[in-house]
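What follows is a single structure, written as structure tokens, with notes after it.
The values are calculated or read from the model by the stated rules, or taken from the named source; none is laboratory data. Values in this document were obtained by computation on a predicted structure and should not be read as measured data. Note: ideal-geometry Cβ built from the backbone for every residue, glycine included; neighbour counts use all protein chains shown.
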Amino acid sequence: MLYTIVLVLLVIVSICLVGIVLLQSGKGNNLTNAFEGEATFGNRSGDVLTKGTMVLAVSFIVLCLVATILYKHGSASIMQSSSRPARQTQENLRSMAQQEADEAAAKAAEVAQSAAESAEASAQEASEAAAEAAAPAAEETK
């Protein structure tokens, strides 16, 4: 709950910070003004927008630190929470690899079966051809 409030404040502060920076006019710190006798870093007195920018920038940094502390205190670290999907992915890859191995083994068994049937058919044809070739020779001997 507190973490959500800090995140909402962080978003609001960041939007305000962008807006206040865009509202500021240029300070004229270009190359021609650098040689006119004014200090290099310009006038440091600051107006309302400059002071507002400083306040918003500091509050942005503080809110970021608080959000980080609340996140680490309230839940597991980012690496631990993201390791769960990685483990699931590894398990999915293992099961897919096992399925592919099973399919390859089944296909190899089918190929071996057809090769054995083909070899058996070839052996039967060879024995029939040998029997046919031996039959005329057997008839001649009779």
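Kindly indicate which of Ala101, Ala57 is modelled with pLDDT of 70 or more, assigned to a helix (DSSP H, G or I), farther than 27 Å from Cys16 by Cβ and over 24 Å from the mean Cα position of the chain (by Cα).
Only one candidate passes the filter, namely Ala101.
Checking Lys107 against (1) modelled with pLDDT of 90 or more; (2) closer than 30 Å to Val6 by Cβ; (3) not polar (S, T, N, Q), which single condition isn't satisfied?
Of everything listed in (1) modelled with pLDDT of 90 or more; (2) closer than 30 Å to Val6 by Cβ; (3) not polar (S, T, N, Q), Lys107 misses just condition (2).
Give all pairs with beta carbons closer than 6 Å in which a residue from segment 103-115 that is touching a residue at least 24 places away in the same chain (Cβ under 8 Å) and at negative phi meets a residue that is part of a helix (DSSP H, G or I) and of a type in the set (S, T, N, Q); count only pairs at least 6 apart in sequence or on separate chains.
Qualifying pairs under 6 Å: none.
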